[in-house]
Amino acid sequence: MAFLKGFGILAAAVLLIMSMSFWAAGKARPALDAAARAALTAEGAAYDFIELSGGTVHYRLEGREDAPLVVLVHGFSTPSFVWNDHIAPLTDAGYRVLAYDNFGRGLSDRPAAVYDADLFDRQLTELLEALGINRRVDLVGYSMGGAIATIFAARHPERVRSLALIAPAGLGIKTNGGMDMLRRPLIGDWIMRLFDARISYNAAAVEAKSAPNPGAFLANFNRQLEYRGYGDALLSTLRHYPLGAAHDAFAVAGRSPRPILVIWGEADETVPFDHATQLIELMPQAQLRSYPGMGHNITFAQAPLVSRLLTDFLAVQGTRVTSGGAAGKPRGPLARMEARECASCGPGDEGLSEPTLP
């Protein structure tokens, strides 16, 4: 009996310590508020901010106002600076470019919300509306951004001119015991609240090694860790976003006549290249370009290559390119170039009938 009583006291003490450390960790970092944003802007670490229903969003918009708009959507943990080396090539090629931080990442708000597909879809929808963008866009998504872009294209086909997916999540990701632990209630919340900065920094340090400028990569990545709410947002996303369960959206987007480009490193250990087979089945019109030896970081590690692929793809919107060639060449059900009418030239185009996802 005394043992049980002692064990109960010990358990209560541990629970109290965990609760206090959880609360303290939540208050240890400053909030990303108006004052913080003003300071970030003054020091040149931020571009522009806009208020949406879910919170304030940090974004970068460059290029001629009358140019076709390319929207760049980043992935799970690394915010929009991952696109920095793509802005100039795209604007130089004649496009207007919009890159933004998803909620919970970068310098965008970390709302107390469920980070599911609806949240990120609503964010992108409202962002385009708030910026007065009322024409079709060329949508590019990397990793989880690929799933966000695909779901957006499936739900709002009238707003998307073309779709480019780089190592897209949504059909499956590589999991491990650590991720399974984080998905568990209470213990996952406690681990992420206390150790999110260390966990995220360690992962980013590995990725930074393949960046053109590792120091700049880590500095940009760490900036988001200075403010509270980042870890909570990642955890909610891990628990609620369909990182491996967006098959219906891929199928719906795959029934659209719009052109699709898929870029993938065959040595990807985050979103395994094996999922490309299923993606092509769901999106038979997709042009797949894959590269042996390249990993999940292809977007920033091989930025010149990816930018060239994107600009070449965007330049031939009226052409489907598929081939049965080797890695690094187009792949798909057709073995030749086939001209077609542009079915995605702007709102109100006649004759375009596309499926939608509720």
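The values are calculated or read from the model by the stated rules, or taken from the named source; none is laboratory data. Being a predicted model, the structure only gives us computed values, none of them experimental. Every residue, glycine as well, gets a Cβ built from its backbone with ideal geometry; the counts of neighbours run over all protein chains shown. Surface accessibility is based on the protein's heavy atoms, side chains included, excluding ligands, DNA and RNA. Shrake-Rupley method; radii C 1.70, N 1.55, O 1.52, S 1.80 Å.
A few comments on the model shown:
- Judged by the mean number of other Cβ atoms found within 10 Å, the most tightly packed of the peptides 83-93, 99-109, 61-71 leads the ranking 99-109, 83-93, 61-71.
- Ranked packing of 156-163, 234-241, 195-202, most packed first, by mean Cβ within 10 Å: 156-163, 234-241, 195-202
- A straight line joining the Cα centroids of segment 24-101 and segment 211-232 runs 14 Å.
- Shape class of segment 201-263 from the Cα gyration tensor (axes a ≥ b ≥ c, square roots of the eigenvalues): oblate, since a/c reaches 1.5 or more and a/b does not exceed b/c.
- Neighbourhood charge, 13 Å Cβ-Cβ cut-off, centred on Ala167 and excluding it, Lys, Arg +1 and Asp, Glu -1: -3
- In terms of its alpha-carbon gyration tensor, segment 33-90 comes out prolate; a/c meets the 1.5 threshold, and the first ratio a/b outweighs b/c.
- Under 13 Å, Cβ to Cβ, from Gly145 - net charge with Lys/Arg +1 and Asp/Glu -1: -1
- Counting only protein heavy atoms and using a 1.4 Å probe, the accessible area of Val137 comes to about 0 Å².
- Highest-first arrangement of 301-313, 38-50, where packing means the average Cβ count within 10 Å: 301-313, 38-50
- Mean projected area (nm²) of the alpha-carbon convex hull when segment 88-206 is viewed from all directions: 9.3
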